[in-house]
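Colleague: This structure is in structure tokens; I'll ask about it shortly.
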Amino acid sequence: MANQSEIKVKKEPYSNQSWPWWPLLPLYPYGRRRTVFEELIPGNIWGFQQLQGLYYVAVPVRLTVVKVSNGLMLINPLPPTSELLRGLSALEKQYGPVLTIVLPTASGLEHKISLPALARSFPKADLWVCPGQWSFPFALPLDWLGVPKSRTKVLLDQGLPHQETCSWISLGPLDIGLGRFQEVACFHKPSRALMVTDALIGIESKPPELFDLDPTPLLFHARDRGDQLFEDSPQMRKKGWARLVLFASFLRPKLLEIPPLLDVIRNSFKPGLRNAKAHFGLFPFTWKEGWEISASNLMGDKKPLIQVAPVLERLVFPRAKQSFIKWLDELIRIKGIRWLVPAHFSAPIEFRTGQVKRLRNRINNSRWATGEGDWGFLDTLDNTLLKRGVVPSDPLEAFKDQDLQG
Ligand SMILES: [Fe+2]
């Protein structure tokens, strides 16, 4: 059994991974963002992944680089650490300069928070943002948020970038109370890959490579009690990953219990755990028997399991299944679609027309946005927001007089 201080962490100087703007959205791993580079479709699509999350519930977030005529397009900004900029510079040397940066989502805070910093790193790049950008708690104009107005355009409203190589397909808009949900997917014709942000994900039971750099979040959650020391093994990493997937999917899965505070404190006094990395021994979770079955329903063993994230289905689209189906119908009409590249979890995932059709039919025939089992917490949350008038009962009502065709 290994003390957490003995866990091997791959070394890269802290200065290359530093993200000084982390207090704007204080998510784990705070000021230090390790980056993993992936060649997704050779010569065409690349990815850079970093971790983002709360209390070690961290999932990978991806910036996708797309080859366009005469250069590169970046989709979904990430904090531009030296390490990330070095990777992008290597791609620029081979494939041309970064011409365009796209923020294709209206609501995904984890994707928009680093747009200003990334834009400053590429002062000549054009910026394109999804319509309906909003900030909370105050609605601020984009340039107040640090996005330079002079080189920023709004997708669909002011045209679309790189139409010679890309077609763009909008999901939404929907009124979600605090603001709007919308994301604009990009189909890259040369690679036949569809880039999405949060609309679809594919999850595997194998932990992402990013955790090889520092497996602490996996080992923290792989434990069954707060007084258990960290133990590093492939099985424990897989177990921790399965629990992270459950947290990220359902926020509070059904078979997770919060133990009494006294027990949590008592367990935290075990020697070897009194340090920041182990959250000073505080581990307020108890997993009930059978949780593995819930997790296995979300993950594929040999290949990623494509799905709509439960949070999206139950909190964003609960009363708008038809909008989602309509978007899938548009994907079915794309000739030659082959790959899916989401901004979270696995990529690229095989995604041919037949698979899109099967997914569309499965969703159409299944019970959408249920409140059963693991979905209970999301269900209660949505019903509370609905009852208090925070979210509207008809998410399409606010947009019914607008021409939304892009
Ligand atoms: Fe996201």
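Colleague: Using 0.36 nm per residue of separation minus the Cα-Cα distance, give me the extension gain between Ala398 and Asn16 in nm, one decimal.
Modeller: 133.0 nm
Colleague: Note the direction-averaged projected area, equal to a quarter of the hull surface, for the Cα convex hull of the chain, in nm².
Modeller: Mean shadow area of the hull around the Cα atoms is 20.0 nm².
Colleague: Taking neighbour counts of Cβ atoms within 10 Å as a proxy for exposure, in what order, fewest first, do Asp382, Asp126, Asp212, Asp401 appear?
Modeller: Working: Asp382 20, Asp126 17, Asp212 14, Asp401 6.
The most exposed by this proxy come first: Asp401, Asp212, Asp126, Asp382.
Colleague: Please report Trp46, Trp368 as a ranked list, fewest other C-beta atoms within 10 angstrom at the top and most at the bottom. Could the numbers behind the result be given before it?
Modeller: Details: Trp46 25, Trp368 18.
Listed from fewest to most nearby Cβ atoms, that is Trp368, Trp46.
Colleague: List, in order, the whole-Hz ³J(HN,Hα) value for each residue of the stretch 376-385 obtained from phi through the Karplus relation with A = 6.51, B = -1.76, C = 1.60 and θ = phi - 60°; use x for Gly and Pro.
Modeller: x, 5, 4, 4, 4, 4, 4, 5, 5, 5
Colleague: Next question. For the stretch 59-189, state the average projected area of the convex hull of the C-alpha atoms over all orientations, rounded to one decimal in nm².
Modeller: The directionally averaged projection comes out at 8.2 nm².
Colleague: A further question follows. Taking a temperature of 25 °C and a viscosity of 0.890 mPa s, what whole-number D in µm²/s does Stokes-Einstein yield for the stretch 196-271 with Rh from Kirkwood over alpha carbon pairs? Spell out each step's value before the answer.
Modeller: Values: Rh = 13.9 Å.
Translational D for this selection: 176 µm²/s.
Colleague: Related question: How high is the relative contact order of the chain, given as a whole-number percent (alpha carbon pairs under 8 Å, six or more residues apart)? Write out the running numbers ahead of the final one.
Modeller: Details: 767 pairs, mean separation 68.0, N = 406.
Rounded, it is 17 percent for the chain.
Colleague: Right, next: Rank by packing, highest mean first: peptides 244-251, 90-97, 143-150, with packing defined as the count of other Cβ atoms within 10 Å averaged across residues. Write down the numbers at each step before the final one.
Modeller: On the way: 244-251: 22.6, 90-97: 14.0, 143-150: 12.5.
Averaged packing, sorted descending, gives the order 244-251, 90-97, 143-150.
Colleague: Check Ile337: other-chain or 5+ apart residues with amide H under 5 Å from its amide H, H built from backbone geometry?
Modeller: Thr353
Colleague: Additional query: Taking R0 as 45 Å, what FRET efficiency do you get between Asp329 and Leu262 from their Cβ-Cβ distance, rounded to the nearest 0.05?
Modeller: 0.25
Colleague: What does DSSP give for the chain in terms of the percent of beta bridges that are antiparallel, rounded to the nearest 5? Before the final figure, lay out each step's value.
Modeller: Values: 43 of 58 bridges.
Antiparallel bridges: around 75 percent, rounded to the nearest 5.
Colleague: Whole Å is fine, so just give me how far the alpha carbon centre of the stretch 143-218 lies from that of the stretch 68-122.
Modeller: For the stretch 143-218 versus the stretch 68-122, the Cα centre distance is 12 Å.
Colleague: Give the angle, between 0 and 90 degrees and rounded to the nearest 10, that separates the Cα long axis of helix 321-332 from the longest principal axis of the Cα atoms of the chain.
Modeller: 60 degrees
Colleague: Continuing with the same structure: In what sequence do Met299, Met73, Met236 fall when counting other Cβ within 10 Å, fewest first? Show your work: numbers first, answer last.
Modeller: On the way: Met299 22, Met73 25, Met236 18.
Ranking Met299, Met73, Met236 by Cβ neighbours within 10 Å, fewest first, gives Met236, Met299, Met73.
Colleague: So what is the calculated 222 nm ellipticity per residue for the chain, using -39500 (n - 2.57) for each DSSP H run with n of 4 or more, over all residues, to the nearest 500 deg cm²/dmol?
Modeller: Details: 11 runs with 102 residues, N = 406.
Calculated from helices alone, the mean residue ellipticity at 222 nm is -7000 deg cm²/dmol.
No value in this document is a laboratory result; all are computed from the given coordinates. Source: prediction; values computed, not measured. Quick reminder, even Gly has a Cβ in these numbers, built from the backbone with ideal geometry, and neighbours come from all protein chains shown.
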